[in-house]
Amino acid sequence: MQHPSSLRLVLSAVALTAFAAAQTPITPGNLIVSRVGDGSVALTGAAAPRFLDEYTPGGVLVQTIALPTTASGSNQILTGSGSATSEGFLSQSSDARYLVAVGYAAAPGTASVTATLAPATPRVVARIALDGTVDTSTALGDCYSNGNIRSACTTDGTSIWVAGNASAANGNGVRFTTFGGTTTTQLSTSPTNIRTIGIFGDQLYCGTSSNPFQGVSTVGTGLPTTSGQTTTLLNGFPTTTGPSAYDFYFADANTLYVADDRTTVAGGIQKWVLAVGTWTLVQTLNPATGVGCRGLSGFTEGGVTTLFATTTNNLLVSVTDTGPTSTFTTLVTGVTNTALRDVQWVRTPSSVTYSGTSCANSFGTPTVAVGGGLPVAGNNSFAINAGNCGPANITVFLLRFGPVLPFGVPLPGTPACALVYVAADAILPTFSDLTGAATLPIAIPNNASIAGVELANQIAAFDFSLLGFDLPIGTSDAMSVILGN
């Protein structure tokens with residue numbers, strides 16, 4: 001692993017120069033760090049250029065994507081305040097195909113950029129595809145005027161939720177828009193001072209430190225797009241001044257990590273656990289004495305969570321949660337006149353690959369490859385491999401077919417020569433591994449018979465509708481399935 005001091009040299013020599021060269025694709029499994037400042041001038045309240053630096057998980061610089069500093073066609077400038085520590089957050093779309101960042105359509109050097117007024121200075125959402133291309137055509141003229149736009153999230157790069165702070169008259173709180181839009185809908189009138197926003201399990205959340213919302217809250221139910229929503233603090237989080245919550249990461253439905261920028265033992269990365277309807281703070285991981293955290297991301301594999309964070313002393317750090325004594329590793333040290341605002345561990349985009357054959361194997365032991373080549377053991381079982389498939393149910397129907405009998409019926413999506421005679425089982429397995437290593441074994445009963453006739457083969461039909469994929473039903477007759485999220 002490259003030493004942080006040598007990384008500083010690389011960053012100084014390469015990453016601090018804005019360039020318009022074609023970008024290389026962003027690699028899933030790497031880190032994207034939101035950086036403000038190019039190192040040439042001191043950071044102040046004036047607009048400063050913004051960059052997305054891609055690193056390996058070990059802290060080796062891969063590439064730098066410069067966000068626009070001049071307008072071009074529908075693409076707007078996107079800069080950030082050099083001194084506003086509550087800005088510059090990143091998120092990745094639910095389908096993992098895009099990153100989103102926010103800022104101001106203000107040229108570098110624009111004084112007191114947060115005090116500029118929209119729509120003369122729109123608040124801009126950047127959509128960055130994993131091929132490295134940047135689109136800043138979403139320029140919002142009705143929100144966060146004379147205030148901060150801080151973060152955004154999206155499901156698919158089209159529906160977008162934004163967060164920030166301003167007066168009521170200038171458009172504050174959590175708001176909804178669409179890609180390429182110029183206006184927004186305010187979802188909830190309280191709280192109005194929002195730092196971060198994100199999606200987990202098809203629910204919209206926000207991070208705040210505005211009484212009485214001290215931590216993470218839900219915004220409405222599901223993914224709301226209309227006004228009149230209620231923001232609800234997660235049960236168990238504090239309601240009085242003290243915490244200073246920023247970014248957050250759900251390891252699963254019952255485990256939530258929250259970045260806190262207090263420079264006391266209470267700051268760092270808090271771990272909250274849900275039990276019997278109440279969230280409880282079980283530990284706080286401190287990067288170092290007197291150091292808090294603001295940006296946060298991570299992944300969970302085999303029940304073990306690895307976290308990445310940006311700190312109040314301008315570091316990118318990592319830690320694997322093995323308990324209260326977990327040790328932090330410094331990956332990147334921010335150079336003078338730059339600030340590392342946030343980090344996003346890049347998930348693999350959603351994908352399902354389906355392929356089938358004719359009825360060559362309709363009788364006898366089928367030849368089946370699932371998840372890229374896992375063989376079937378006889379005719380009894382097979383497995384699906386999932387790459388970055390978040391918690392989601394997949395309905396698996398186990399069915400059997402055999403010789404043509406008078407009451408055989410075709411199953412949609414299967415070869416015409418395969419007739420189904422009896423539905424045996426339906427199960428609801430759940431994938432929960434977000435790193436591409438989840439395997440779901442599925443047992444298929446053997447030697448089934450109907451009307452005294454042994455069925456020579458069996459199939460498994462998959463309904464992907466609960467994952468949102470519009471696919472034909474697949475079968476285990478020489479089928480290959482790869483899932484990703």
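When both residues are 6+ apart or on different chains and their Cβ atoms are under 6 Å apart, which pairs have a first residue that lies in segment 123-136 and is closer than 18 Å to Thr155 by Cα and among the charged types (D, E, K, R), and a second that is open to solvent by less than 20 Å² (accessible area, probe 1.4 Å) and assigned to a strand (DSSP E or B)?
Partner pairs satisfying both residue conditions: Arg127/Val100.
Return yes when Gly207 is under 19 Å from the mean Cα position of the chain (by Cα) and open to solvent by 50 Å² or more (accessible area, probe 1.4 Å) and no when it is not.
no
Working carefully through the options Ser83, Ser93, Ser112, find the one that is touching an Asp or Glu at 6+ places or on another chain (Cβ under 8 Å) and more than 19 Å from Val332 (Cβ to Cβ).
It is Ser93.
Quick one: which of Ser94, Ser72 is out of contact with any Gly (no Cβ under 6 Å at 6 or more places or on another chain), at pLDDT below 95 and under 23 Å from Asp131 (Cα atoms)?
Ser94
On the basis of being among the acidic types (Asp, Glu), over 22 Å from Ser190 (Cβ atoms) and open to solvent by 40 Å² or more (accessible area, probe 1.4 Å), does Asp156 make the cut?
The answer is yes for Asp156.
In segment 246-302, which residues are among the basic types (Lys, Arg) and under 20 Å from the mean Cα position of the chain (by Cα)?
Lys271, Arg294
All but one of (1) modelled with pLDDT of 95 or more; (2) part of a strand (DSSP E or B) hold for Val291, so report the exception by its number.
(2)
Every residue in segment 301-322 that is open to solvent by 10 Å² or more (accessible area, probe 1.4 Å), of a type in the set (Gly, Ala, Ser) and modelled with pLDDT of 95 or more, please.
Within segment 301-322, just Ser318 meets the criteria.
Condition test on Thr133, is it within 25 Å of Ser190 (Cα to Cα) and surrounded by fewer than 24 Cβ atoms within 10 Å (Cβ to Cβ)?
When the stated conditions are applied, Thr133 does not pass them.
Assuming Ser145 fulfils every condition listed in (1) surrounded by 20 or more Cβ atoms within 10 Å (Cβ to Cβ); (2) in contact with a strand residue (DSSP E or B) (Cβ under 7 Å, 6 or more places away or on another chain); (3) part of a loop (DSSP other than H, G, I, E, B) apart from one, which condition is it?
Of (1) surrounded by 20 or more Cβ atoms within 10 Å (Cβ to Cβ); (2) in contact with a strand residue (DSSP E or B) (Cβ under 7 Å, 6 or more places away or on another chain); (3) part of a loop (DSSP other than H, G, I, E, B), only one is false for Ser145: (2).
Since Arg127 meets every condition but one in (1) within 19 Å of Tyr205 (Cβ to Cβ); (2) touching an Asp or Glu at 6+ places or on another chain (Cβ under 8 Å); (3) surrounded by fewer than 24 Cβ atoms within 10 Å (Cβ to Cβ); (4) not hydroxyl-bearing (Ser, Thr, Tyr), which condition does it not meet?
Result: Arg127 passes all but (1).
Every residue, every condition in (1) loosely packed, with under 15 Cβ neighbours inside 10 Å; (2) modelled with pLDDT of 95 or more; (3) more than 13 Å from Tyr144 (Cβ to Cβ); (4) in contact with a Cys (Cβ under 9 Å, 6 or more places away or on another chain), yes or no:
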{"position": "Ala163", "(1), (2), (3), (4)": "no, yes, no, yes"}
{"position": "Val174", "(1), (2), (3), (4)": "no, yes, no, yes"}
{"position": "Gly181", "(1), (2), (3), (4)": "no, yes, yes, no"}
{"position": "Leu187", "(1), (2), (3), (4)": "no, yes, yes, no"}
{"position": "Gly201", "(1), (2), (3), (4)": "yes, no, yes, no"}
{"position": "Leu223", "(1), (2), (3), (4)": "no, yes, yes, no"}
{"position": "Thr226", "(1), (2), (3), (4)": "yes, yes, yes, no"}
{"position": "Gln229", "(1), (2), (3), (4)": "no, yes, yes, no"}
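Go through segment 32-93 and tell me which strands (runs of 3 or more DSSP E), entirely inside it, have 2 or more residues that are small (Gly, Ala, Ser).
Here the list reads 47-55, 79-81.
Please tell me if Thr208 is β-branched (Val, Ile, Thr) and assigned to a strand (DSSP E or B).
So Thr208 passes the test.
Taking Thr284, is it open to solvent by 10 Å² or more (accessible area, probe 1.4 Å) and part of a loop (DSSP other than H, G, I, E, B)?
So Thr284 does not fit the description; no.
Specify the residue that is surrounded by the most Cβ atoms within 10 Å (Cβ to Cβ); the eligible residues are those in segment 231-264 that are in contact (Cβ under 8 Å) with a residue 24 or more places away in the chain and among the β-branched types (Val, Ile, Thr).
Among those residues, the one meeting the criterion is Val258.
Quick test for you: out of Ala21, Ala46, Ala42, pick the one residue that is modelled with pLDDT of 95 or more, farther than 21 Å from Asn313 by Cβ and among the small types (Gly, Ala, Ser).
Ala46
Of all residues in segment 32-56, which are under 21 Å from Ala309 (Cβ atoms), open to solvent by 10 Å² or more (accessible area, probe 1.4 Å) and among the polar types (S, T, N, Q)?
Thr56
Could you count how many residues in segment 57-112 are among the β-branched types (Val, Ile, Thr), more than 19 Å from the chain's Cα centre (by Cα), closer than 15 Å to Gly147 by Cα and open to solvent by less than 10 Å² (accessible area, probe 1.4 Å)?
1
The values are calculated or read from the model by the stated rules, or taken from the named source; none is laboratory data. Quick caveat, the model's predicted, so the values are computed rather than measured. Heads up, the Cβs are rebuilt from the backbone with ideal geometry, glycines too, and the neighbour counts pull from every protein chain shown. With ligands, DNA and RNA removed, areas are computed over all heavy atoms of the protein, side chains included. Shrake-Rupley method; radii C 1.70, N 1.55, O 1.52, S 1.80 Å.
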